[in-house]
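Visitor: Handing you a structure now.
The values are calculated or read from the model by the stated rules, or taken from the named source; none is laboratory data. Here the structure is a predicted model, which is why all the values come from computation and not from measurement. Don't worry about glycine lacking a Cβ; one is built from the backbone with ideal geometry, like all the others, and counts go over all protein chains shown. Side chains are part of the model used for accessible areas, which takes the heavy atoms of the whole protein and leaves out ligands, DNA and RNA. Shrake-Rupley method; radii C 1.70, N 1.55, O 1.52, S 1.80 Å.
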Amino acid sequence: MSIVFEQEPLRPLSRLMQWRRAWLTIDANPAARNFAGTIRGLLLIHGLFLAALAVSLQISLSALALIGLTLLAAARWPERRLTILITSSLVFLLLRPFRTADMNTLVVDLAAAVGNGVSVPPLALQVFGVVLFLGFAQLMIAGQRMSSGIWSRRPVLVQLVGFLAVLAVAAFVPPGDYGHAMLWAFLAVWASCFWFLAYAAVDLKAKAAAPDGVRALYMRPVWGGDVAPFGKGLSFLKRFEAKDDDALAVTRLKALKLAVWTAILSWTALAATTLFHEMLGVPKLGFMILNPQDTAAMPLGLQWAGLIVNYGVDLLIIAAWGHAIVAVARMMGYNIPRNTVNPLASRSIAEFWNRYYYYFKEVLVDFFFYPAFMRWFKTSPRLRIAFATFCAAGFGNFLYHLIFVSHVFADGTPFDELDRFATLAFYVGLLSAGLIISQIWGRKTSSADGFWRHDVLPRINVALFFCFLKIFDSVWLEGQLSDRFHFLFGLFGV
């Protein structure tokens, strides 16, 4: 006689948690990895991936079409992944050479302004800027290998000085003629690709670096992104490239998970924006800063609510945006790190900065922090850290954004624009001070300090710092520094 135990049926919540665990660990499931390598698996994963990206609303339909064709080609010929990536990136560069809509508008306006002679179609001016820049990039990379001077040893410094010199000349050229239009079309492309060219130059010293001509063509990958290169240069991508079929299946499953997470975060951000700003009437931070009279009539609680909601929504938006870009790179076969990784878990300002926008931080660390850290104040550890941090988060950060918005000098009145950078200078100074204090004098807590001191208080301090820092975040150069101080003091009833 045998005794049979009946298994208790799973409750709905338990079943839901079981499905969640299965989904989160799907890239470790051998059956799922084997299926991902089949034709049906490839079609299903790519179809779901593109659908998730479309639902996320993070990528335009035209860009999604190009991404779909690129992924299809990479899936068909995985051994030619690099060639496909370079080709699609060139197409993407020709179609969308400018990082911001303001740059695109600038070129359209420049084409219309040369009306004294034969009119220039904006597309022709755009293509001219791209072709001239690609030729310049080829010359720079080739010249770097042939030279043993500063051109070869400090290519990023040479590029930076060269860009600022050309910008200074272009800022004083009167607008309205062909020379002005062509010069600014070239500068707008250069500004959009500046850090890609920097990584292409430093990749010369990397192990198994790609050929010079290939590195000089890789300027704007098909997955898009900011002027900060997601995936850095080709040598960085090679480190994270799937080396066999099993690794490729894992990378694609990770990409699918990230795309689905992107869609969830995107709609969460949209729901939060609708709930707080449209249904509950919580004002947006930018509106409160730029409209001091309206803000003065608001209750203080509403102003604080706007500041805190801005912090949360901003985290959701940047996480969703970065995840979409990284997901495409992963589906191509490059398992690169995520751009945003749980910033709310940060217990220090420095940790938050590392978790919030990884590839922007990497640009500043690679081209400003490490060069300063390796060269200056080697006998004084604290001063060494402080100086290198200021070079990255302060000086480098300011230059990064100066290049990013360099098109504002195109109207021929450069001195009128300088005061718009005062808020940006204050912002990078405040961020540098916070990072330096966090790294040098910040106290690391442990679980022995208790739940409140270890898990809660440090995270509240970090959140408050970045809430207040956002008041002075002036990437688009809107408003005056005095407007931002007026809002800050107003939060305390001053």
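Visitor: Check the stretch 365-384 and report whether any residue there is open to solvent by 10 Å² or more (accessible area, probe 1.4 Å), within 23 Å of ASP102 (Cβ to Cβ), assigned to a helix (DSSP H, G or I) and in contact (Cβ under 8 Å) with a residue 24 or more places away in the chain.
Guide: No: zero hits.
Visitor: Okay, next question. Exactly one of these conditions fails for ARG15: (1) more than 27 Å from ALA319 (Cα to Cα); (2) loosely packed, with under 11 Cβ neighbours inside 10 Å; (3) among the basic types (Lys, Arg). Give me its number.
Guide: Every condition holds for ARG15 apart from (2).
Visitor: Among THR423, THR413, THR445, which is the only one that is of a type in the set (S, T, N, Q) and in contact with a Pro (Cβ under 7 Å, 6 or more places away or on another chain)?
Guide: Result of the check over THR423, THR413, THR445: THR445.
Visitor: Of the residues LEU248, LEU253, LEU285, which is more than 23 Å from GLY47 (Cα to Cα) and either within 20 Å of the chain's Cα centre (by Cα) or of a type in the set (A, V, I, L, M) (or both)?
Guide: LEU285
Visitor: Here's something else I'd like to know. Which residues, taken from the stretch 385-420, are among the acidic types (Asp, Glu) and open to solvent by 30 Å² or more (accessible area, probe 1.4 Å)?
Guide: Within the stretch 385-420, ASP411, ASP416, ASP419 meet the criteria.
Visitor: With under 27 Å from ILE403 (Cβ atoms), surrounded by fewer than 18 Cβ atoms within 10 Å (Cβ to Cβ) and modelled with pLDDT of 90 or more as the only criterion, which of LEU69, LEU90 stands out?
Guide: LEU90
Visitor: For the stretch 311-362, enumerate the residues that are of a type outside the set (D, E, K, R), in contact with a helix residue (DSSP H, G or I) (Cβ under 6 Å, 6 or more places away or on another chain), more than 27 Å from PHE390 (Cβ to Cβ) and part of a helix (DSSP H, G or I).
Guide: Answer for the stretch 311-362, where residues must be of a type outside the set (D, E, K, R), in contact with a helix residue (DSSP H, G or I) (Cβ under 6 Å, 6 or more places away or on another chain), more than 27 Å from PHE390 (Cβ to Cβ) and part of a helix (DSSP H, G or I): VAL313, LEU316, ILE317, ALA319, ALA320, HIS323, ALA324, ALA327, VAL328, MET331, MET332.
Visitor: Turning to a different aspect of this structure: Could you list, in sequence order, the residues of the stretch 441-460 that are touching a residue at least 40 places away in the same chain (Cβ under 8 Å) and within 24 Å of ASP473 (Cα to Cα)?
Guide: Scanning the stretch 441-460 gives GLY442, PRO458, ARG459.
Visitor: Look through the stretch 42-57, keep the residues that are open to solvent by less than 60 Å² (accessible area, probe 1.4 Å) and in contact (Cβ under 8 Å) with a residue 24 or more places away in the chain, and return whichever of them is nearest to ALA263 (Cα to Cα). Steps first, answer last, please.
Guide: Taking the stretch 42-57 first, the residues open to solvent by less than 60 Å² (accessible area, probe 1.4 Å) are 42, 45-47, 49-54, 56.
Filter once more, so that each one left must be in contact (Cβ under 8 Å) with a residue 24 or more places away in the chain: 42, 45-46, 49, 52-53, 56.
On the way: LEU42: 21, ILE45: 16, HIS46: 15, PHE49: 10, ALA52: 6, LEU53: 7, SER56: 4 Å.
Here the residue is SER56.
Visitor: I would also like to ask the following. So if I check each of TYR400, TYR427, which one is more than 30 Å from LEU300 (Cα to Cα), among the aromatic types (Phe, Trp, Tyr) and at pLDDT 85 or above?
Guide: TYR400
Visitor: Still on this structure, I have one more. Please verify whether the stretch 154-163 includes one or more residues that are at pLDDT below 85, more than 17 Å from PHE186 (Cβ to Cβ) and outside any helix (DSSP H, G or I).
Guide: No, that holds for no residue.
Visitor: Looking at (1) open to solvent by 60 Å² or more (accessible area, probe 1.4 Å); (2) within 17 Å of HIS180 (Cβ to Cβ), which is the only condition LEU125 fails?
Guide: In the conditions (1) open to solvent by 60 Å² or more (accessible area, probe 1.4 Å); (2) within 17 Å of HIS180 (Cβ to Cβ), LEU125 misses (1) alone.
Visitor: Taking the condition more than 20 Å from the chain's Cα centre (by Cα), modelled with pLDDT of 90 or more and crowded, with 19+ Cβ neighbours inside 10 Å, does ALA74 pass?
Guide: Yes: the conditions hold for ALA74.
Visitor: Filter the stretch 437-494 down to the residues that are touching a Leu at 6+ places or on another chain (Cβ under 9 Å), of a type in the set (Ser, Thr, Tyr) and more than 19 Å from ALA345 (Cα to Cα) and list them by number.
Guide: Hit for the stretch 437-494 is SER474, nothing else.
Visitor: Within the stretch 329-348, is there a residue that is surrounded by fewer than 17 Cβ atoms within 10 Å (Cβ to Cβ), without any contact (Cβ under 8 Å) to a residue 60 or more places away in the chain, over 25 Å from the mean Cα position of the chain (by Cα) and closer than 29 Å to VAL456 by Cα?
Guide: No; the residues of the stretch 329-348 include none that is surrounded by fewer than 17 Cβ atoms within 10 Å (Cβ to Cβ), without any contact (Cβ under 8 Å) to a residue 60 or more places away in the chain, over 25 Å from the mean Cα position of the chain (by Cα) and closer than 29 Å to VAL456 by Cα.
Visitor: When the residues of the stretch 23-41 are narrowed to those that are of a type in the set (A, V, I, L, M) and open to solvent by 60 Å² or more (accessible area, probe 1.4 Å), which ends up nearest to THR262 (Cα to Cα)?
Guide: Here the answer is LEU24.
Visitor: Among the residues of the stretch 450-485, how many are surrounded by 15 or more Cβ atoms within 10 Å (Cβ to Cβ) and hydroxyl-bearing (Ser, Thr, Tyr)?
Guide: The number of residues fulfilling the criteria is 1.
Visitor: Now for a separate question. Have a look at THR423, THR445 and point out the one that is open to solvent by less than 40 Å² (accessible area, probe 1.4 Å) and in a loop (DSSP other than H, G, I, E, B).
Guide: THR445
Visitor: Now for a different question. Starting from the stretch 388-405, take each residue that is closer than 12 Å to GLY429 by Cβ and free of Cβ contacts under 8 Å to residues at least 40 places away in the same chain and list its partners that are among the small types (Gly, Ala, Ser) and assigned to a helix (DSSP H, G or I), counting only C-beta distances under 8 angstrom and pairs at least six apart or across chains.
Guide: GLY394/GLY429; GLY394/SER432; ASN397/SER432; PHE398/ALA425
Visitor: Right, LEU399: of a type in the set (A, V, I, L, M, F, W, C), outside any loop (DSSP other than H, G, I, E, B) and closer than 21 Å to LEU167 by Cα or not?
Guide: yes
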